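Student: Take this structure, written in C-alpha cells, and hold onto it; I'll ask about it next.
The values are calculated or read from the model by the stated rules, or taken from the named source; none is laboratory data. Treat the numbers as computed from the prediction; the structure is a model and nothing was measured. Every residue, glycine as well, gets a Cβ built from its backbone with ideal geometry; the counts of neighbours run over all protein chains shown. Ligands, DNA and RNA are stripped out before the accessible areas are found, and what is left, the full protein with its side chains, is counted by its heavy atoms. Shrake-Rupley method; radii C 1.70, N 1.55, O 1.52, S 1.80 Å.
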Amino acid sequence: MPLSRRVLIQGFLVPVLAFSLSSAVVAEPVKRWESGSESTDTVELFTSEGCSSCPPADRWLSSLKSRPGVFQSFIPLAFHVDYWDYIGWKDRMADPAFSARQRDYVAAGDVSQAYTPGIVVNSHEWRDWFQGHRDWQSTPANVGKMTATLDGQERLTVAYAGYQPGQRLNVAYLGMGMTSEVKAGENRGRELTHDFVVLGVTHPEGGSPWSVTLPPRPEAGQARTALAVWVSPPDSPEIVQAVGGYLD
C-alpha cells in the first residue's frame, strides 16, 4: 500500500505518496541465451543409479560445471536410463524415453550399443573416456545462430537462423546437485550426487521462431535448475544446435 508523507518544497509542506518496497511486485527478469554461428558442443551421459560403473562418469560430468564455457561453448546432459531398474534399485530420475533415445542413436549408427555409462559427444559415441581422456575433440560446424529468450518463468521464445522445415525443438529442465542414498542394487549403501540431470524433455510443435509455454518447473530435490534447448532433425536424436543456462 502507498504511504503518505510530507516533504518541504520551497517553504511549504506538501503531501506526497511513497510506495513500500516490501509490497511491490518485482517482475521476473528476462533471460536470454545465444549461441554463435558454429555448433555448441553437447556432452550426453547415459547413466543409471543401478549401474556400479556409472558413479565415476557421473562425477566427471559434475566436474564440468566448474569448467570455463559451460552453457556457452558446451552443454552437458545426463540421461538416466531405466533398463537397470530390474536389478533391485529403481532410479527415480530414469525415463523410458531416455533409454529409447540411446537406442535411437544405436539405430542411427552413431553408437555401437546401449550401455552405461555411455558418453555421446556431438551426437557420436565417445569411448576415449574409458582410456582416461577427459577432454573431447570439438568439431564445430557452421550451422547458424540460435537464441532462446525466457520472459518470466514460463514464456520461452526460440529463434534459429539455420532452421530447416521439419526440424524439431527440444526443451529440457536440468537438475543440479541431486543426491540419492541408494538402498539396493549394485550401488547399495552409496550416496550418489548428480548434475545436469535431464528432468524431462518437451517437443513443442511448429517452426522457428517457436513461442512456447513451458510446463511448471519440476521439484525433484535439485539444488539449482537449468534449461537446455536444442534443435534436432526430424525423427533423429542428433543435436544440431543448442543453448542453455541457469534459471536461478
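Student: Restricting to region 72-116, name every residue that is more than 22 Å from Ala242 (Cβ to Cβ), among the aliphatic types (A, V, I, L, M) and modelled with pLDDT of 95 or more.
Tutor: Ala94, Ala114
Student: Then there's this: Looking only at residues in region 168-189 that are more than 17 Å from Pro204 (Cβ to Cβ) and among the hydroxyl-bearing types (Ser, Thr, Tyr), which one is surrounded by the most Cβ atoms within 10 Å (Cβ to Cβ)?
Tutor: Across region 168-189, the extreme among qualifying residues is Ser180.
Student: Which of the residues that make up region 109-142 are within 17 Å of Tyr83 (Cβ to Cβ), free of Cβ contacts under 8 Å to residues at least 40 places away in the same chain and small (Gly, Ala, Ser)?
Tutor: Ser112
Student: For a quick check of your reading: which strands (runs of 3 or more DSSP E) sit entirely within region 26-96 and have at least 2 residues that are within 23 Å of Ser180 (Cα to Cα) and free of Cβ contacts under 8 Å to residues at least 12 places away in the same chain?
Tutor: Hits in region 26-96: none.
Student: State all residues of region 142-167 that are surrounded by fewer than 18 Cβ atoms within 10 Å (Cβ to Cβ) and in contact with a Pro (Cβ under 7 Å, 6 or more places away or on another chain); if no residue qualifies, say none.
Tutor: Thr157, Ala159, Gly166, Gln167
Student: Residue under question is Ser73, and the condition is that it be under 11 Å from Phe46 (Cβ atoms) and of a type in the set (Gly, Ala, Ser); does it hold?
Tutor: No, not satisfied.
Student: Residue pairs, Cβ under 6 Å, 6 or more apart or interchain, first in region 200-223 and modelled with pLDDT of 95 or more and among the aliphatic types (A, V, I, L, M), second open to solvent by less than 60 Å² (accessible area, probe 1.4 Å) and part of a loop (DSSP other than H, G, I, E, B). List them.
Tutor: Listed pairs, sorted by first residue: Ala223/Gly177.
Student: Here's a follow-up. So, in region 203-241, exactly how many residues are assigned to a strand (DSSP E or B) and within 21 Å of Gln153 (Cβ to Cβ)?
Tutor: 11
Student: Give the residue that is most open to solvent (accessible area, probe 1.4 Å), with candidates limited to residues of region 126-141 that are closer than 19 Å to Gly69 by Cα and not hydrophobic (A, V, I, L, M, F, W, C).
Tutor: Gln137
Student: Right, here's the next one. Can you tell me which residue is most open to solvent (accessible area, probe 1.4 Å) among those in region 110-125 that are within 20 Å of the chain's Cα centre (by Cα) and not polar (S, T, N, Q)?
Tutor: His124
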